[in-house]
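Quick note: the coordinates plus some simple rules give every number you see, no bench work behind them. Source: prediction; values computed, not measured. Backbone-built Cβ (ideal geometry, glycine too); neighbour counts: all protein chains shown.
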Amino acid sequence: MQRLHVGDLVQVITGRERGKTGRISRLLSNDGRVIVEGLNKVVRHTRPNQQNVEGGRIEKEASIHMSNVMPLDADSGKPTRVKAGYTEEDGKQSKRRVAVGGAELKQG
């Protein structure tokens, strides 16, 4: 079970963006990294080309390691750890992501 999903509201817990929150826009699961909207911006200098005729400086979001972000609990609004919880619907058990405090984490 993955701890983080695209669309989750997360808070950065270490690094220069510490304490800031944002939504996960991309999940790079092979590298163990995430891209959070509006955080960890870097400047890329580019030459003029067909897509960008003028060239110049392009600001974009860089990835952050998964261990440096924590999902926010919907009830309290504080960062929380994630565990697997089970719910029973129609006689079937399904696995869900649950905050350690007990509230279910909603995706997106």
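The table below lists the values:
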{"item": "Computed over the chain, Kirkwood Rh from alpha-carbon pairs, angstrom", "result": "15.6"}
{"item": "Fully extended contour minus Cα-Cα distance, from Gln93 to Ala74, at 0.36 nm per residue", "result": "4.5 nm"}
{"item": "Dipole magnitude of region 9-79, debye to nearest 20 (Cβ charges: Lys/Arg +1, Asp/Glu -1, about Cα centre)", "result": "240"}
{"item": "Ranked packing of 19-32, 85-98, 47-60, 68-81, most packed first, by mean Cβ within 10 Å", "result": "68-81, 19-32, 85-98, 47-60"}
{"item": "Percent RCO, i.e. relative contact order, over the chain, from Cα pairs under 8 Å lying at least 6 residues apart", "result": "24"}
{"item": "Pairwise label distance in nanometres, His45 with Ser25, each label 7 Å out on the Cα-Cβ vector", "result": "2.4"}
